[in-house]
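Peer 1: The structure follows.
The values are calculated or read from the model by the stated rules, or taken from the named source; none is laboratory data. Everything quoted here is computed from the prediction, not taken from an experiment. Using ideal geometry, Cβ is built from the backbone for each residue, glycine included, and neighbour counts are taken over all protein chains shown. Remember, those area values only see protein heavy atoms, side chains included, never the ligands or the DNA or RNA. Shrake-Rupley method; radii C 1.70, N 1.55, O 1.52, S 1.80 Å.
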Amino acid sequence: MKVGIFDSGIGGITVLKTAIELLPQLEYIYYSDNLHVPYGTKPKEEVIGYVKDVVAFLVSEGAEAILIACNTATSVAVKELREIYDLPIIGMEPAVKLALDDNAEGKVLVTATPLSLKGEKYKNLVAHLDHKHRVDALPLPELVTFAETKNFDEEMLTTYFKEKLSTLNLDEYVGIVLGCTHFIYFKKYLEKILPKHIKIYDGNEGAVRHLKECIGAKESSKKVEPNIIFYYSGKKCETREILDSYLKLV
Ligand code: DGL
């Protein structure tokens, strides 16, 4: 089974990493749309156009299922894609349910791109789950650029996070949701500066498990070299150098 996975850039490699750990027997085509990254600060219609082009390309390359490893792309385009294609299309969703269910009380802070947070999909999710008004949102679009440029300077990131969180009373929060796949690269930096009682959640494993169910795949612990074709900036990469360098960062 050939699975097409894509993101605006390298954020979705964090999802690919979970996929190859749980389902190493599948074939993957990963498409990083670096020509158009970031999606999260662009108008919705523009992003829908990019996403449709990427999916059409993956399908033309033989993808039999699509995993949208991007919360922003899922938010704006998953409905339309499911109307166009008759194949399993799995999207990402900020792990709000996981965070709320894990804690009976306390607030949850959802971080994502501006486009995701202002989308209908996110608003509906929160309206459906957050009956006690425990969910707040914080856009962190700069993290996408930091990840794309491999800017993981700890001092700069500490200053950045402290400033972004400075207006919040962190004692009130029990969880932070990473609602953008690029943000996963920064988990370890966030962990260092957050109070110990705050847990960090993401939707990566949930999305891969959903893929598994949709295509009827079996989880495998077999050690096989994963079969991955990697497209970066519209071109097929003949070596795994870029891909491996990001897989190592997760
Ligand atoms: N990685 C993406 C997400 O999960 C989008 C980042 C961007 O291109 O702004 O939302």
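Peer 1: Go through 208, 37 and list them by solvent-accessible area, largest first, probe radius 1.4 Å.
Peer 2: Details: 208 0, 37 35 Å².
These residues rank, largest area first, as 37, 208.
Peer 1: Calculate how large, on average over all directions, the projected area of the Cα convex hull of region 1-70 is; give the answer in nm² to one decimal.
Peer 2: On the way: hull surface 17.2 nm².
Projected area, direction-averaged: 4.3 nm².
Peer 1: Among the listed pairs 2/223; 196/248; 97/236; 42/199; 2/222; 123/196, which have their C-alpha atoms separated by more than 27 angstrom in this model? Kindly include the intermediate steps, with their values, before the conclusion.
Peer 2: On the way: 2/223 19 Å; 196/248 25 Å; 97/236 37 Å; 42/199 30 Å; 2/222 18 Å; 123/196 29 Å.
Check vs 27 Å cut-off fails for 97/236; 42/199; 123/196.
Peer 1: Does region 34-103 come out rounded, prolate or oblate, given a ≥ b ≥ c as the square roots of the eigenvalues of its C-alpha gyration tensor, rounded meaning a/c under 1.5 and, failing that, prolate meaning a/b above b/c? Present the calculation step by step, with values, prior to reporting the outcome.
Peer 2: Numbers: a/c = 2.24, a/b = 1.38, b/c = 1.63.
Note, shape of region 34-103 comes out oblate.
Peer 1: Once the other residues with Cβ under 13 Å from the Cβ of residue 161 are scored (Lys, Arg +1; Asp, Glu -1), what is the net sum? Kindly include the intermediate steps, with their values, before the conclusion.
Peer 2: Numbers: positive: 162, 164, 187, 188, 192; negative: 142, 153, 154, 155, 163, 191.
Net charge around residue 161: -1.
Peer 1: If each DSSP helix of 4+ residues adds -39,500 (n - 2.57) and the sum is divided by the residues in the chain, what number results at 222 nm, nearest 500 deg cm²/dmol? Don't jump to the answer; show the numbers that get you there.
Peer 2: Details: 11 runs with 109 residues, N = 250.
That calculation yields -13000 deg cm²/dmol at 222 nm.
Peer 1: Something else: Quick one: net charge around residue 220, please, counting Lys, Arg +1 and Asp, Glu -1 for every other residue with C-beta under 12 Å from its C-beta.
Peer 2: Combined, the nearby Lys, Arg, Asp and Glu give +2.
Peer 1: Report in % the part of the accessible area of the chain that belongs to carbon and sulfur, leaving out ligands and nucleic acids; probe 1.4 Å.
Peer 2: Working: 6090 of 11860 Å².
Within the chain, the accessible surface is 51 percent carbon and sulfur.
Peer 1: How far is helix 204-215 tilted, in degrees, relative to the longest principal axis of the Cα atoms in the chain, given as a value from 0 to 90 rounded to the nearest 10?
Peer 2: 40 degrees
Peer 1: In a shell of Cβ-Cβ distance under 10 Å around residue 125, excluding residue 125 itself, what net charge do Lys and Arg (+1) and Asp and Glu (-1) give?
Peer 2: Numbers: positive: 97, 121, 123; negative: 93, 120, 130.
Once all neighbours under 10 Å are counted, the net charge is 0.
Peer 1: Between helix 120-129 and the chain, what is the angle of the helix's C-alpha long axis to the longest principal axis, kept within 0 to 90° and rounded to the nearest 10?
Peer 2: 60 degrees
Peer 1: Hey, another quick one. Distance check, please: which entries in 44/235; 132/187; 79/121 exceed 21 angstrom between their Cα atoms? Write out the running numbers ahead of the final one.
Peer 2: Details: 44/235 25 Å; 132/187 27 Å; 79/121 10 Å.
The answer is 44/235; 132/187.
Peer 1: Could you give the angle, 0 to 90 degrees to the nearest 10, between helix 44-60's Cα long axis and the longest principal axis of the Cα atoms of the chain?
Peer 2: The answer is roughly 30 degrees.
Peer 1: Using a simple spin-label model with points 7 Å from Cα along the Cα→Cβ vector, what separation in nm is obtained for residue 172 and residue 41?
Peer 2: A separation of 2.8 nm, rounded to one decimal place.
Peer 1: Which whole-number value in Å² is the accessible area per residue of region 115-219, probe 1.4 Å?
Peer 2: Working: 5580 Å² over 105 residues.
Per-residue accessible area for region 115-219 comes out at 53 Å².
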